[in-house]
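Colleague: Mind looking over this structure? Questions follow.
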Amino acid sequence: MPDITIGTNGNWFINGIDTGKPSRGEQGEPGEEGGTPVITIGANGNWFINGEDTGMPSRGEDGNPGEEGGTPEITIGGNGNWFIDGVDTGKPSRGEQGNDGDEGQTGAAGQSAYELWVQEVNKGTVYKDGVLWPKERTTVNDFWEFLRGKDGEDGQDGQDGQDGATLILGSPNVIIQYYGDPDLKEYVDWEDGSVTYKIYDSNGKVAQQGTKVKGIPDSESVYTTNAEGFITVPKDELPTDKAYENIEVEVMIKGETEFKNSANNTIVPAKMQVQLVVNDSKIPTCGAFGEGINLGKPCVNVWFKVQRKKLNTEGKGEWEGILAELGNTQRTVDIYEYASGTTEPTTTSTTNAIELSPGDNNANYNNCKVQIKRKFIYTNLQGLDKTKVEESNDYWGEYATGGFRYASIGIKGCYGEDLMLQAYIKILPAQFAPTIKTLNRTSDIISGTGSSYIVALKGTLDVENINKDIYLAEKYVQSGTEGTLPVYSPPKTDIPSDKGIYQLRISWYTGGTNKTETAYAYHDGNFTTEDTNVTSKFILDGVSTESNFYEVNFGGLNLKEGTLYYYRSGQYVTDTGDNPIEITKVQN
């Protein structure tokens, strides 16, 4: 509406502009009181008052476009009224509170998604992958099968190992992984004794790299997942007193700011206990055995077992053999030596790639055997050449004055542990078999064709300097303790007068055939032979022809101008060269 006022000159003013029209006529006779003027806009666009054109346009000329107005901010004030741009409108935002209505009736129970699905299946309206779902398949398992999507394409091979527990959704999961063949249900790594876990978030997805895990029993470490969601708990951070099953630990998924309890399906095995013991069914022996008492074998065979103990949740377990199915059970064996009365070992030799026996029930214990060399003692035997012994074959080691010592073995890398044998082996020194001291014939030389000259012989071995105190019986026995460990020691055995101590093999070659006869020497060194070919070689071999650790060749019997000679020669004996020893005839 226009702003219409009466100016000081008595004229009408519209919007502050003088219309030139008096607001009052000349004063006449008092008339009736005037009414409110009728103001209109004429066809020419001017203001009209009581039908009379004022000559004033009702609209001004178009101005420049104004700025666009903003959206008003409408709020409810503390008094409950509407406010526009912070100005109280005086209008309440809510009407007056009405009376409480009557309580409504309880509605009918709704149907589950499974029940609605069954109804639709019965109607024959349910399809999956374009095929009508069978009406007879309406069990709950059928419903889950219906919801399951198509199998995805095969993914890339993941790391070895398989989940050792079932996922529980709604919480993070710390799932132990099987080591090796899943059918074995082994958790602890045979190589280093560690345990591997795979971490999942609350939705069952593999946790991102950088997820944190803590709360493994007896461990204060915080473990961080790798790119595949795995963590590894080292052997020394596993509990040592018992195993744990179906427990909760703590997980902080990458991107979150606090740890949450995992599902109660985490398994934590105890640190694997392992030991190395003497095999009681084949205790240490000295070389190989035949008739008589072993004297010269320069080694001790030690049969052993590597055992483990898996603790259960009560901290109990039994010692058992190592499974061959665990994979590579080849291990390096170190042989140690202890000076008498000491406990600090010195490594003397190493045997590589010993294959451990795959358990206590395996009959082939050779896979669990090592040989510990015995040092030689010096014996002043005729013809025995110390230089030859030292230089010809380093198998014998140092040619020493000897004395007993303790020996043991160790194995590296069984569940991450380096094991020492839980026993000492008392190693007596070895001594060489004696040479021939005297050799005589008890018959005339019987001439034959070619080299077939036969003679009966009688001889003695040089046993004067043999130490009879270190004769060895067939097996070592557990004879006492050194500190807290048992000691396996060879028993002292009387030398039987009716048994051969040394075995002599008499060998020759004739008619395209190798011939061998055997003679035995007794505790006094005496021996006899019959029908001995004069081209034979005497080989002194301890007591066994099957396991020839070393042999001494005493040279051939030679016929020279009708006289029989022998030479004290061989691998460890100095050849007499041009000084053969005559074999003279004696009476039987």
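The values are calculated or read from the model by the stated rules, or taken from the named source; none is laboratory data. The structure presented is a predicted model; accordingly, all values stated were derived computationally and were not measured. So basically every Cβ, Gly included, is an ideal-geometry build from the backbone, and we count neighbours across all protein chains shown.
Colleague: From 140, 118, which residue is aliphatic (A, V, I, L, M) and modelled with pLDDT of 75 or more?
Modeller: Step by step, each of 140, 118 is checked, and only 118 is aliphatic (A, V, I, L, M) and modelled with pLDDT of 75 or more.
Colleague: Next question, about the same structure. Hey, any hits in the range 386-395 for a residue that's farther than 19 Å from residue 433 by Cβ and either in a loop (DSSP other than H, G, I, E, B) or modelled with pLDDT of 75 or more (or both)?
Modeller: Among the residues of the range 386-395, not one is farther than 19 Å from residue 433 by Cβ and either in a loop (DSSP other than H, G, I, E, B) or modelled with pLDDT of 75 or more (or both), which makes the answer no.
Colleague: Would you point out which residue out of 187, 197, 179 is of a type in the set (Ser, Thr, Tyr) and farther than 28 Å from residue 356 by Cα?
Modeller: On the way: 187 fails: farther than 28 Å from residue 356 by Cα; 179 fails: farther than 28 Å from residue 356 by Cα.
Sole residue among the options that is of a type in the set (Ser, Thr, Tyr) and farther than 28 Å from residue 356 by Cα: 197.
Colleague: Mind checking which strands (runs of 3 or more DSSP E) fall wholly inside the range 443-525 and carry at least 2 residues that are loosely packed, with under 14 Cβ neighbours inside 10 Å and at pLDDT 70 or above?
Modeller: Correct list: 477-482, 513-521.
Colleague: Mind telling me which of the residues 246, 265 ends up being more than 30 Å from residue 422 (Cα to Cα) and exposed (fewer than 15 other Cβ atoms within 10 Å of the Cβ)?
Modeller: Within the list 246, 265, the selection yields 246.
Colleague: Being modelled with pLDDT of 65 or more and not in a strand (DSSP E or B) is the filter; apply it to the range 340-371 and report the residue that is nearest to residue 286 (Cα to Cα).
Modeller: The selected residue is 368.
Colleague: Turning to a different aspect of this structure: How many residues are more than 17 Å from the chain's Cα centre (by Cα) and either part of a strand (DSSP E or B) or assigned by TED's automatic domain parsing to the domain that holds residue 239 (or both) when one looks only at the range 308-324?
Modeller: 3
Colleague: Separate question: Does any residue of the range 85-95 turn out to be aliphatic (A, V, I, L, M), modelled with pLDDT of 70 or more and assigned to a loop (DSSP other than H, G, I, E, B)?
Modeller: Looking only at the range 85-95, we keep the residues that are aliphatic (A, V, I, L, M), and these are 87.
If we keep only those that are modelled with pLDDT of 70 or more as well, we get 87.
Okay, now just the ones that are also assigned to a loop (DSSP other than H, G, I, E, B), so none.
Scanning the range 85-95, I find no residue that is aliphatic (A, V, I, L, M), modelled with pLDDT of 70 or more and assigned to a loop (DSSP other than H, G, I, E, B), so the answer is no.
Colleague: Test residue 303 against the criterion of being modelled with pLDDT of 85 or more and within 17 Å of residue 373 (Cβ to Cβ), and give yes or no.
Modeller: For residue 303, the condition - modelled with pLDDT of 85 or more and within 17 Å of residue 373 (Cβ to Cβ) - is met.
Colleague: Is the range 267-278 home to any residue that is outside any loop (DSSP other than H, G, I, E, B) and within 27 Å of residue 200 (Cα to Cα)? Steps first, answer last, please.
Modeller: First pass over the range 267-278, keeping only residues outside any loop (DSSP other than H, G, I, E, B): 267-268, 273-278.
Subsequent filtering for residues that are within 27 Å of residue 200 (Cα to Cα) retains 267-268.
For the range 267-278, residues outside any loop (DSSP other than H, G, I, E, B) and within 27 Å of residue 200 (Cα to Cα): present.
Colleague: Then there is this: Restricting to the range 279-293, and then to whatever is modelled with pLDDT under 85 and crowded, with 21+ Cβ neighbours inside 10 Å, can you tell me which residue is farthest from the chain's Cα centre (by Cα)?
Modeller: Taking the candidates together, the pick is 292.
Colleague: Could you check residue 221 against (1) buried (at least 18 other Cβ atoms within 10 Å of the Cβ); (2) small (Gly, Ala, Ser); (3) more than 15 Å from residue 201 (Cβ to Cβ) and say which number it fails?
Modeller: Of everything listed in (1) buried (at least 18 other Cβ atoms within 10 Å of the Cβ); (2) small (Gly, Ala, Ser); (3) more than 15 Å from residue 201 (Cβ to Cβ), residue 221 misses just condition (1).
Colleague: Continuing with this model, one more query. Where residues in the range 214-238 are assigned to a helix (DSSP H, G or I) and in contact with a Lys or Arg (Cβ under 8 Å, 6 or more places away or on another chain), which of them is nearest to residue 193 (Cα to Cα)?
Modeller: Here the answer is 235.
Colleague: Might you let me know whether the range 225-234 holds any residue that is of a type in the set (D, E, K, R) and either surrounded by 14 or more Cβ atoms within 10 Å (Cβ to Cβ) or in the same structural domain as residue 323 (by TED's automatic domain parsing) (or both)?
Modeller: So the first thing to find is which residues in the range 225-234 are of a type in the set (D, E, K, R), and the list is 228.
Narrowing further to those that are either surrounded by 14 or more Cβ atoms within 10 Å (Cβ to Cβ) or in the same structural domain as residue 323 (by TED's automatic domain parsing) (or both): none.
Checked the range 225-234: no residue is of a type in the set (D, E, K, R) and either surrounded by 14 or more Cβ atoms within 10 Å (Cβ to Cβ) or in the same structural domain as residue 323 (by TED's automatic domain parsing) (or both).
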